[in-house]
Structure formats: C-alpha cells, structure tokens
1. Assess whether ASP152 counts as being assigned to a loop (DSSP other than H, G, I, E, B), touching a residue at least 24 places away in the same chain (Cβ under 8 Å) and of a type in the set (Asp, Glu).
2. Take the stretch 21-56 and flag every residue that is more than 14 Å from PHE87 (Cα to Cα), open to solvent by less than 60 Å² (accessible area, probe 1.4 Å) and modelled with pLDDT under 75.
3. From the list ILE70, ILE63, which residue is in contact with a Gly (Cβ under 9 Å, 6 or more places away or on another chain), at pLDDT 90 or above and open to solvent by less than 20 Å² (accessible area, probe 1.4 Å)?
4. Looking only at the stretch 136-161, which residues are open to solvent by 100 Å² or more (accessible area, probe 1.4 Å) and touching an Asp or Glu at 6+ places or on another chain (Cβ under 9 Å)?
5. For the stretch 58-70, state whether one or more residues are touching a Phe, Trp or Tyr at 6+ places or on another chain (Cβ under 7 Å), over 18 Å from ILE93 (Cα atoms) and either hydrophobic (A, V, I, L, M, F, W, C) or part of a strand (DSSP E or B) (or both).
6. Which residue is most open to solvent (accessible area, probe 1.4 Å), if the candidates are limited to the stretch 108-135 and must be of a type in the set (S, T, N, Q) and touching a strand residue (DSSP E or B) at 6+ places or on another chain (Cβ under 8 Å)?
7. Which residues, taken from the stretch 141-159, are more than 12 Å from MET112 (Cβ to Cβ) and of a type outside the set (A, V, I, L, M, F, W, C)?
8. Find all pairs meeting these conditions: Cβ atoms under 7 angstrom apart; at least six residues apart or on different chains; first residue within the stretch 94-121 and within 25 Å of ARG75 (Cβ to Cβ); second residue of a type in the set (Lys, Arg).
Amino acid sequence: PSITSSKGHISNQNSNMHEGDHSTIDTDMAFQNSVFSATSEYIITGNELANQTITVSTHGMHILSRPTIICNERRYERNSLLFALGFVLRRNIDPRPYWPLLSNLSSTFRHMEVESEFLTNPTSRPRIQIVLEDILISLNSKQKDCHLLLDDANLLNLQLFKPPPPPT
C-alpha cells in the first residue's frame, strides 16, 4: 500500500524495492494532487464519519481513509483534533484486509496523541513521517507485517492476511 495522512502523502517511490508486489501505487505528483483534489472531501470528513473506515474507488485505485476525532476543549484550539490516516491501493487489490490495519493504526495514533500529544507536539511531529514510511516498507515486504516500537510505551503490530474468498 501507499500511506496517506491528512498531514501529507507518503508513497513508495522505489517500485523495485519489493519485487513482485503490485499493491503500491507509484504516480507523479500532479496526478496525486488531482486525485486528492477529486476525493479529499470523501476521505477527510467532518465529525459525522469519524471512526469509520471509508473506501473510495476511483482512478484505478482504492483510497481507504479513517478519520478520527479527539475532543478536548482545553488542549485543542478548536475544541477537538480531527485527523485521517489512509492507504492507497491498486484497484485490483481487495481492500478488506486493510480495514482492520487502518483501524488499529488510527487507534494507536489516537492513543499516542491523548497520552503524549504525539500528533500535535512540535518535537514529536517529525517522527510521524518516519513511522508511516516504516509501516509502508514493512507492509510491502514479503512477510506483510509490521512490528514497530513507537516510543517507550507503544508498540505497533500489524499483520496483513489474505482476503477471505468472495461470497458465493
């Protein structure tokens, strides 16, 4: 997968990095911006779709997003923090196995923000991109799993399983 966040887009730019893996979408920036412009209102939503996994299928790809909201009137200038994480998959890839991974990832980032302001603290913000890149590399590996020690209190474990057979 490629990984997106409401703070920016991270993709695997080296298509030879994992031979035989056809799930990652490598595109030029103009195309990415065009797709983002056409789909952003569906993948970065307001409170009404928070904590729901959204899949938009367009432009030969599936765009999975999980908007997440944290309400805290004292901590946030606008009384809450809304962020979205996502995966971008080729259209021929079944998105269903990625839904629990996205849910787990969003939940982990949510808990880290609540506990230590991981998303909003200027000193930890640069680590977000590093973590997302590590997840991308790990999920595109042959093992299709990710085991990252995020900080002293948080460990991220993601495992991509083959999709179940389609309903008959």
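The values are calculated or read from the model by the stated rules, or taken from the named source; none is laboratory data. Please read these numbers as outputs of a predicted model, since none were measured by experiment. We place every Cβ from the backbone using ideal geometry, glycine too, and count neighbours over all the protein chains shown. Surface accessibility is based on the protein's heavy atoms, side chains included, excluding ligands, DNA and RNA. Shrake-Rupley method; radii C 1.70, N 1.55, O 1.52, S 1.80 Å.
1. no
2. Hits for the stretch 21-56 are ASP21, THR27.
3. Result: ILE63 is the single residue among ILE70, ILE63 that is in contact with a Gly (Cβ under 9 Å, 6 or more places away or on another chain), at pLDDT 90 or above and open to solvent by less than 20 Å² (accessible area, probe 1.4 Å).
4. Listed by number, the list holds a single entry, LYS142.
5. Among the residues of the stretch 58-70, at least one is touching a Phe, Trp or Tyr at 6+ places or on another chain (Cβ under 7 Å), over 18 Å from ILE93 (Cα atoms) and either hydrophobic (A, V, I, L, M, F, W, C) or part of a strand (DSSP E or B) (or both), which makes the answer yes.
6. Taking the candidates together, the pick is GLN129.
7. Across the stretch 141-159, the qualifying residues are SER141, LYS142, GLN143, LYS144, ASP145, HIS147, ASN157, GLN159.
8. LEU102/ARG66; SER103/ARG66; SER106/ARG66
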